[in-house]
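A.B. asks: Would you mind keeping the following structure in view while I ask a few things?
The values are calculated or read from the model by the stated rules, or taken from the named source; none is laboratory data. Note that the structure is predicted; figures quoted are calculated from it, not measured. No Cβ is skipped: glycine too gets one built from the backbone with ideal geometry, and neighbour counts run over all protein chains shown. With ligands, DNA and RNA removed, areas are computed over all heavy atoms of the protein, side chains included. Shrake-Rupley method; radii C 1.70, N 1.55, O 1.52, S 1.80 Å.
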Amino acid sequence: MFRNTAPADVELPFSAKYDAGHSEAYHDKHRSSLRRRLSNRRDLQLARNALALAGDPQWVLDLPCGAGRFWEVLGEHPARQIIAADNSAAMLEVALRHCPAGLGGRLRPLHTSAFAIDLPDRSVDSIFCMRLLHHIGEPGHRLAILREFHRVTRDTVILSLWVDGNYLAWRRRRQEARRQRRGNTAYQNRYVLPRATAEAEFAAAGFEIIEHLDFLPLHSMWRIYVLRRI
Ligand SMILES: C[S@@+](CC[C@H](N)C(=O)[O-])C[C@H]1O[C@@H](n2cnc3c(N)ncnc32)[C@H](O)[C@@H]1O
């Protein structure tokens, strides 16, 4: 018998920006230049490798699915069922409008928050979470999301975030220090996490690390972790 014990939602300022206009722009963004298309191709390749490391899960919760950027890769496994979830109804609407032909029957949209996933305990084999955690600056909020992932997955989580220990994180830290010296306190909605902090948070939420994959080792901040529920 399934039990749905989702905790209360948390509303973050960054989540509010994904309205209709921003969602359509986000869909177009990854196709807008050669650099972005190459970077998107690398993201898809890493996602494919991460799914293999996670044991090619059958039931996958893509959260947040955004504009459905990873649906083709997720759909490559013929038996896979995809729950495509996002906090933004506008994002879901854009994603479904651009859904790859033939995938519709295996894809179920879900309007929900990562803080309070509207699914029962242990209801999917894997949660696939690209480009959400780098927006979450509060450790308590990250832990709340990770605990919610632990409740909903029965096996693995695949997630991406920004980590330190590379050139771009070092450059960002310098730019940030310069910004603060100039008194510029503009609202930040993306954060770099020390790898040790991220890994301690995964352990605190009840996960062990199967593997990590770097977008471009020693240069890029993007890292994908493949985690297993313990
Ligand atoms: C940068 S996009 C990433 C989308 C997709 N994973 C990708 O990589 O293309 C961030 C997404 O997070 C969603 N989002 C924001 N707050 C959320 C929340 N609390 N729960 C679930 N999704 C959220 C936004 O609506 C948006 O679609």
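A.B. asks: Taking all protein chains as present, what is the carbon and sulfur share of the accessible area of the chain, in % to the nearest whole number, probe 1.4 Å?
C.D. replies: Carbon and sulfur: 52 percent of the exposed surface of the chain.
A.B. asks: Counting only the heavy atoms of the protein chains, how much of Cys99 is accessible to a 1.4 Å probe, in Å² to the nearest 10?
C.D. replies: Taking all protein chains as shown, Cys99 has close to 40 Å².
A.B. asks: Return one whole number: the accessible area per residue of the chain in Å², for a 1.4 Å probe.
C.D. replies: In whole numbers, the chain has 50 Å² accessible per residue.
A.B. asks: May I pose another question? For the range 13-229, what does the relative contact order come out to in percent, with C-alpha contacts under 8 Å and a separation of six or more?
C.D. replies: Across the range 13-229, relative contact order equals 20 percent.
A.B. asks: While we're looking at this one, here's another question. At 7 Å along the Cα-to-beta-carbon direction for both His219 and Asp155, put a label point, then send me their distance in nm to one decimal.
C.D. replies: Inter-label distance under the simple model: 3.4 nm.
A.B. asks: Leaving ligands, DNA and RNA out of it, work out the accessible area of Asp86 with a 1.4 Å probe and give it in Å² to the nearest 10.
C.D. replies: Its accessible surface works out to 10 Å², give or take rounding.
A.B. asks: Under 13 Å from the 7 Å Cα→Cβ point of Ala89, by amide nitrogen: which residues of the range 10-36?
C.D. replies: Inside the label zone: 19-20.
A.B. asks: Going from most exposed to least, what order do Tyr225, Tyr18, Tyr167 have by accessible area with a 1.4 Å probe?
C.D. replies: Tyr167, Tyr18, Tyr225
A.B. asks: Which parts of the range 99-128 would a label at Glu11 reach, counting a residue when its backbone N lies under 16 Å from a point 7 Å out along Cα-to-Cβ?
C.D. replies: Answer for the range 99-128: 112-116.
A.B. asks: Mind grabbing the accessible area of Phe207 for me, 1.4 Å probe, Å², rounded to tens?
C.D. replies: Only protein atoms counted, so the area is about 10 Å².
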